[in-house]
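The values are calculated or read from the model by the stated rules, or taken from the named source; none is laboratory data. Because the structure is a prediction, the values reported are computed rather than measured. Quick reminder, even Gly has a Cβ in these numbers, built from the backbone with ideal geometry, and neighbours come from all protein chains shown.
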Amino acid sequence: QTLDTQLNVFAEFKPVLTDQQRATEYLFLANIDPQLQLEVLGQMSPRPKLVALDSMNFWIEGARSHLEDIVGAVDLVFMDEGEARAFAGEENLAQAASRIHSVGPRIVVIKRGEHGVLVSNGGSLFALPAFILDRVVDPTGAGDSFAGGFMGMLAATGDLTDGGIRRAAVLGSVIGSFTVQDFSADRLAALSHDEITDRFAAFERLTGFAGLETGGGLPQRE
């Protein structure tokens with residue numbers, strides 16, 4: 001729970017993008033004043049293939065109109081479950097996602113901390129647990145790490161299908177699971193590609209199960 005927010009240097013922050021930055025294909029508007037998010041999006045040329053944003057209660061409560069403007073202009077929104085409920089005015093997360101969709105974004109990603117994540121892609125729901133850890137040091141930064149892994153996967157593969165979005169959520173969860181195992185960015189700084197690959201595979205084993213045979217049903221007792 002955030003008790004107080006001080007903008008400090010961000011109070012006067014006015015980002016000006018380079019030509020190379022303006023042409024990026026995947027844009028993540030991290031948590032900051034929604035007016036600045038709008039200004040950054042306005043500098044992009046051409047419009048990116050995918051625009052995502054993150055926000056927080058500070059902006060939901062204090063800059064609602066501007067936040068709705070930018071939410072309506074992006075493709076994907078990251079919010080934690082408290083923020084999603086506050087923005088949507090709905091306690092039920094599926095209903096909250098539907099309400100956020102109605103503002104504009106096609107993809108709504110609701111971060112649920114130790115309980116995982118709920119992804120709504122045009123109304124197609126995907127629920128993913130958090131990766132099971134036997135030791136957590138500090139959860140600070142897990143949400144940002146999740147978003148970074150998520151966006152990195154999309155940018156690396158270019159796969160914006162439902163399956164691609166789901167795999168991005170898995171990689172985001174994997175990256176977040178490393179972040180909480182140490183303070184600051186220390187665990188990420190020491191992370192290897194093989195470790196990420198191994199944990200992604202472990203996550204697949206953790207969450208996978210054999211479905212019903214084609215045309216088959218659940219057994220019934222006579």
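Residues of region 10-66 that are more than 16 Å from the chain's Cα centre (by Cα) and aromatic (Phe, Trp, Tyr): 10, 13, 58, 59. Of the candidates 122, 89, 104, 113, the single residue that is under 28 Å from residue 186 (Cα atoms) and not polar (S, T, N, Q) is 113.
Across region 200-222, the number of residues qualifying as among the hydrophobic types (A, V, I, L, M, F, W, C), under 30 Å from residue 168 (Cα atoms) and modelled with pLDDT under 90 comes to 3.
Taking the listed residues 171, 125, the one that is free of Cβ contacts under 8 Å to residues at least 40 places away in the same chain, within 23 Å of residue 84 (Cα to Cα), outside any helix (DSSP H, G or I) and not β-branched (Val, Ile, Thr) is 125, with no other qualifying.
Applying the condition of being more than 27 Å from residue 139 (Cβ to Cβ) and of a type in the set (S, T, N, Q) to region 96-121 and asking which residue is nearest to the chain's Cα centre (by Cα) yields 98.
If you filter region 45-61 down to residues that are surrounded by 16 or more Cβ atoms within 10 Å (Cβ to Cβ) and within 18 Å of residue 107 (Cβ to Cβ), you find that the one that is modelled with the lowest pLDDT is 55.
A quick yes/no check of all residues on (1) out of contact with any Asp or Glu (no Cβ under 6 Å at 6 or more places or on another chain); (2) aliphatic (A, V, I, L, M); (3) modelled with pLDDT under 90; (4) buried (at least 19 other Cβ atoms within 10 Å of the Cβ):
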| residue | (1), (2), (3), (4) |
| --- | --- |
| 11 | yes, yes, yes, no |
| 15 | yes, no, yes, no |
| 24 | yes, no, no, no |
| 34 | yes, no, no, yes |
| 39 | yes, no, no, no |
| 63 | yes, yes, yes, no |
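Of all residues being over 22 Å from the mean Cα position of the chain (by Cα) and assigned to a helix (DSSP H, G or I) in region 188-222, which is nearest to residue 138 (Cα to Cα)? Just the residue, please. Among residues in region 188-222 that are over 22 Å from the mean Cα position of the chain (by Cα) and assigned to a helix (DSSP H, G or I), the one nearest to residue 138 (Cα to Cα) is 194. Scanning region 132-187 for residues that are under 12 Å from the mean Cα position of the chain (by Cα), among the aliphatic types (A, V, I, L, M) and either modelled with pLDDT under 95 or over 25 Å from residue 121 (Cα atoms) (or both) turns up just one, 142. Can you tell me which residue among 114, 68, 90 is at pLDDT 95 or above and in a helix (DSSP H, G or I)? When all the criteria are applied, what remains is 68. Might you let me know whether region 133-142 holds any residue that is in contact (Cβ under 8 Å) with a residue 60 or more places away in the chain and in a helix (DSSP H, G or I)? No, every residue in region 133-142 fails to be in contact (Cβ under 8 Å) with a residue 60 or more places away in the chain and in a helix (DSSP H, G or I).
Out of 174, 180, 170, one residue alone is under 21 Å from residue 116 (Cα atoms), surrounded by 11 or more Cβ atoms within 10 Å (Cβ to Cβ) and touching a strand residue (DSSP E or B) at 6+ places or on another chain (Cβ under 8 Å). It is 170. I'd like to know if region 189-200 contains one or more residues that are within 20 Å of residue 110 (Cβ to Cβ) and buried (at least 20 other Cβ atoms within 10 Å of the Cβ). Scanning region 189-200, I find no residue that is within 20 Å of residue 110 (Cβ to Cβ) and buried (at least 20 other Cβ atoms within 10 Å of the Cβ), so the answer is no. Considering only residues that are of a type in the set (S, T, N, Q) and loosely packed, with under 11 Cβ neighbours inside 10 Å, look in region 201-222 and name the one that is nearest to residue 159 (Cα to Cα). So the residue we want is 214.
Residue 67 meets each of the listed conditions (1) surrounded by fewer than 22 Cβ atoms within 10 Å (Cβ to Cβ); (2) without any contact (Cβ under 8 Å) to a residue 40 or more places away in the chain apart from (1).
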